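The values are calculated or read from the model by the stated rules, or taken from the named source; none is laboratory data. Because the structure is predicted, anything quoted here is derived from the model rather than measured. Methodologically, a virtual Cβ is constructed for each residue, glycine included, from the backbone with ideal geometry; neighbour enumeration extends over all protein chains shown.
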Amino acid sequence: MAKRKQIKLKGKLRTLFLASLWLGLLLVGVNVLIYTINQEAGLFLTAFAMVYLVVMLLLYLNSRTILMNELISFATEYGQIQKTLLRELDLPSALLDDTGRVVWTNRAFERTVHEERGFRKSITSLFPALTADRLPVDEDEMEMTVEFEERSFSLRIRRIDLSEMARNSDIIESASYEGSLYAIYLFDETALKLALREIDDQSLAAGLIYLDNYDEALESVEEVRRSLLIALIDRKVNKYIASSGGIAKKFEKDKYFVIMPKKSCMELRETRFDILDDVKTVNIGNEMAVTLSIGMGYDGLTYAQNYEFARSAIDLALGRGGDQAVVRTGESTVYYGGKSQKIEKNTRVKARVKAHALEEIISGKDNVLVMGHRNGDADSFGSAVGIYRVVRSLDHQAQIVLNDVTSSVRPLLELFRNNPDYEEDMVIDSTHALDAVGPETVLVVVDVNKPSITECPELLRLCKYIVVFDHHRQGTEIIENATLSYVEPYASSACEMVSEILQYIGGDVRIHAEEADSMYAGIMIDTNNFSSKTGVRTFEAAAFLRRNGADVTRVKKLFREDAQEYKARADAVSQAEIYRGSFAISICDPGGEVESPTIIGAQAANELLNIRGIRASFVCTPYQGKIFVSARSIDEVNVQVIMEQFGGGGHMNEAGCQLEGVSAEESVTIIREALDKQIEEGNL
C-alpha cells in the first residue's frame with residue numbers, strides 16, 4: 001500500500017482528476033450562500049454536497065491505481081507495437097556499434113542482404129565501401145552510394161549519441177563515455193539509375209566526318225569511275241552510321257554531319273571506329289586510298305555545345321594528320337587511329353594565302369617578336385630566323401626570343417653574333433621580350449603549338465596578335481587565340497614551311513647566306529639528313545635555300561660533334577634493351593660531360609631504328625631534374641599517341657615527353673607498361 005501511495009499523477013491528467021474535487025469545494029461555498037436565503041434549501045444542498053464529495057473522493061482514490069496500471073499496460077503494448085513496426089518496416093534498416101558491427105536488423109534488411117536474424121558481422125563484409133573509419137564522427141548524418149549484387153543503394157547513416165543515456169545509467173561510469181550507435185537505411189536506387197542511364201544513353205551525340213584526301217583520290221582514278229568511287233564511299237559512311245542507329249547527312253562534297261545516340265557512339269569507341277580501316281579497302285583502280293577524319297562530341301549541356309565539341313574534335317583530327325577519330329566531351333579528349341602518314345599536298349596555294357595573311361597582319365604594327373619552344377633546336381631557331389627576314393623585308397622591327405642556348409643552336413647563333421649586318425638585340429631573352437611588348441606587337445610562334453612549352457608562355461597572354469607556324473600534329477593543348485594559324489603535319493619541318501612563306505612575300509626578299517644556312521640546317525636535322533618525312537616540297541624548299549646561298553658543306557661542319565657527345569650516343573645505343581623483340585629502350589645519362597644531353601638522347605633514338613626488327617625506340621635522358629623521353633619509329637608505330645599519355649606529343653614517327661618525379665630506371669618501367677597496354681588494346 002505504501003508503494004501505491006507513492007504513485008503521483010502530473011500534467012493534464014492530474015488536473016482532470018482534481019477538477020471534480022475543486023468543483024465539490026465550490027459546491028460547499030454555494031451551499032453556505034443558500035443558507036442565507038432559505039434554510040430548507042440549504043439543508044437539502046448540504047446533503048447533496050456531502051454525498052458528492054464522498055463519491056468523488058472514493059473514485060479518485062480507487063481509480064488512480066487502476067488508471068496507472070492501465071497506462072503502464074498501454075505503454076508496454078505501445079513499445080511492443082513500435083518494435084514490431086520497426087521490425088516489419090519495408091525500409092531496410094540496421095543498427096551498428098561504433099566499430100561498424102551489426103547489432104540489430106529488421107526483416108527488410110535481412111531480405112535485402114540475404115542474411116538470417118542475428119547477423120552480427122561487420123557491415124564491411126556486406127558493403128566493402130563502408131568501413132569503420134567512414135562512419136560519421138563530427139556530423140550526425142551522412143549519405144553514400146553502395147553496390148550489392150548488381151543493385152545500387154543510397155545508404156544513409158545517422159549517428160545516435162549514447163552519452164546522455166550513459167549519464168542516466170546506474171551500471172556504467174559516464175564521465176568519459178562518448179559511445180554511439182549508427183542507424184543505417186538502404187534506399188534502392190537501381191531502377192532510378194537504370195532509367196537515368198537509359199536517358200543518358202539516348203542523349204544525342206553530334207559528329208562530323210571529313211574525307212581527308214577527296215580531291216587527290218579522285219585525281220588518281222579514271223574520270224568515268226569517279227562517280228562510282230564517290231558512291232561507294234557514301235554507301236560505306238551511311239551504312240556504318242545507320243547500323244549504329246544514327247543519321248549521316250552529306251552537306252558538302254567531302255563532309256558529313258552525323259547525329260546518333262550517345263550509347264551508339266560508345267559502341268563505336270569500343271570498336272575503335274573500324275570504318276577508318278574499312279574505308280581504305282575501297283579500290284576501283286584509284287592509286288590512293290581514301291582516308292577519313294571523324295570528330296564526335298557528347299555530354300554537353302546543350303546540343304549546340306555537343307556540336308562545338310564535334311567541331312573542335314574534327315579540327316584536332318585534321319591538325320594531327322587525319323585518318324583518325326577524335327571524341328571530345330566536357331572532360332576529356334580521346335584519339336583513335338592515326339596510323340597512316342599525312343598525305344603531302346603538291347599544291348602550295350595554302351602557303352601563298354598564309355603568306356599574304358601574315359604580310360597584312362605585320363603591316364601597320366609596331367614590332368614583331370618571334371619565339372620557338374624551350375630547349376630550342378635547329379628547326380625552331382632556323383624558322384625564327386626565316387620569320388625575322390620576312391619582317392625585316394617589310395621594314396619592321398623584329399627580335400627573336402631565346403633563353404637557353406643549346407649545343408644545337410649555338411653554331412647557328414654564332415653566325416649572327418658580332419655580325420655587322422644584324423642588330424645586337426636581334427636575339428633577346430624573355431625578360432627583355434616582356435619589356436618590348438606593346439599594344440601593337442605581333443607574336444610569331446614557330447615549331448610549337450603547345451603553349452606550356454613555348455620559350456615564354458607569358459607573351460601569349462600579353463600579345464594581342466599571335467601567329468602560329470608549326471609542323472607537329474596537334475594535341476589537346478593548343479594556342480587557341482591565334483590571329484593566324486598555319487599547322488601542317490605533312491611538312492618535314494617548320495623551316496620548310498617558312499621557306500615557302502618567304503617565296504610569296506611581296507617585294508624582293510633577299511635572304512642572307514647565314515639565314516639560308518640556318519633554315520637549311522633546320523630541315524636537315526628534322527629530316528635526319530633527308531631520310532625521313534621528306535616529300536617533293538621538302539626538296540623544293542631545300543633547293544630554294546640552296547639558290548639563296550645555303551652551303552651544304554658549311555652546314556655539315558656546323559654540326560660536327562665532339563668526342564664526348566659521340567661516345568655518349570654510342571653508349572646509349574650499346575646499352576639498349578630490346579623489349580618484346582620489337583622495341584628498343586635505353587637510358588642516355590652522360591652526366592655533365594655533354595652540354596645538351598637531350599639532343600644526344602634524340603640522336604640515339606634515331607640510331608636505334610637502324611637495328612633490324614626494331615619498330616620503335618625510346619631513350620630516357622635525365623636532365624634538369626626531369627626525364628626527357630625521345631621516341632622514334634619508322635612507320636608501324638604511332639609514338640605520338642604513346643607520348644601523349646604522359647603529356648607529350650610530336651609526330652607519328654617522332655615524339656617526346658617529360659616525366660617528373662621519377663628516376664631513369666622508373667621511366668623505363670613506365671614505358672614498358674605503356675607498350676604493354678597498347679599491345680593489349682590492339683594498337684600495336
Boolean, Val102 is under 20 Å from Arg158 (Cβ atoms), touching a helix residue (DSSP H, G or I) at 6+ places or on another chain (Cβ under 7 Å), surrounded by 10 or more Cβ atoms within 10 Å (Cβ to Cβ) and at pLDDT 85 or above: yes
Residue match in region 222-236 (condition: more than 30 Å from Glu110 (Cβ to Cβ) and touching a Lys or Arg at 6+ places or on another chain (Cβ under 6 Å)): no
Any pair with Cβ under 7 angstrom, 6 or more apart, that starts in region 224-241 at a residue that is under 14 Å from Tyr210 (Cβ atoms) and ends at one that is among the charged types (D, E, K, R): Asp234/Lys250
Residue match in region 519-529 (condition: in contact (Cβ under 8 Å) with a residue 24 or more places away in the chain and under 30 Å from Ser332 (Cβ atoms)): no
Qualifying residues in region 530-540 (those that are free of Cβ contacts under 8 Å to residues at least 60 places away in the same chain and assigned to a helix (DSSP H, G or I)) - the one surrounded by the most Cβ atoms within 10 Å (Cβ to Cβ): Thr538
Region 477-502 - residue that is charged (D, E, K, R) and not in a loop (DSSP other than H, G, I, E, B) and, of those, surrounded by the fewest Cβ atoms within 10 Å (Cβ to Cβ): Glu500
Those strands (runs of 3 or more DSSP E) lying entirely in region 561-649 with at least 2 residues within 22 Å of Arg374 (Cβ to Cβ): 616-623, 626-633
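Given the condition touching a residue at least 40 places away in the same chain (Cβ under 8 Å), farther than 21 Å from Val509 by Cβ and in a helix (DSSP H, G or I), answer yes or no: does some residue in region 398-406 qualify?
No: region 398-406 contains no residue that is touching a residue at least 40 places away in the same chain (Cβ under 8 Å), farther than 21 Å from Val509 by Cβ and in a helix (DSSP H, G or I).
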Selection status of Glu666, in a helix (DSSP H, G or I) and either not basic (Lys, Arg) or not assigned by TED's automatic domain parsing to the domain that holds Gly475 (or both): yes
Some residue of region 109-118 being surrounded by 14 or more Cβ atoms within 10 Å (Cβ to Cβ), assigned to a loop (DSSP other than H, G, I, E, B) and at pLDDT 75 or above: yes
Some residue of region 407-418 being in contact (Cβ under 8 Å) with a residue 40 or more places away in the chain, of a type in the set (Ser, Thr, Tyr) and touching a helix residue (DSSP H, G or I) at 6+ places or on another chain (Cβ under 7 Å): yes
Test result for Gly649, under 25 Å from Pro590 (Cα atoms), under 23 Å from the mean Cα position of the chain (by Cα) and at pLDDT below 90: yes
Filtered residues of region 233-261 (kept if part of a helix (DSSP H, G or I) and buried (at least 18 other Cβ atoms within 10 Å of the Cβ)): Ile233, Val237, Tyr240, Ile241
Single condition Phe273 does not satisfy, out of (1) buried (at least 16 other Cβ atoms within 10 Å of the Cβ); (2) part of a strand (DSSP E or B): (2)
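Specify the residue that is nearest to Asn106 (Cα to Cα); the eligible residues are those in region 167-204 that are aromatic (Phe, Trp, Tyr) and modelled with pLDDT of 85 or more.
Tyr185
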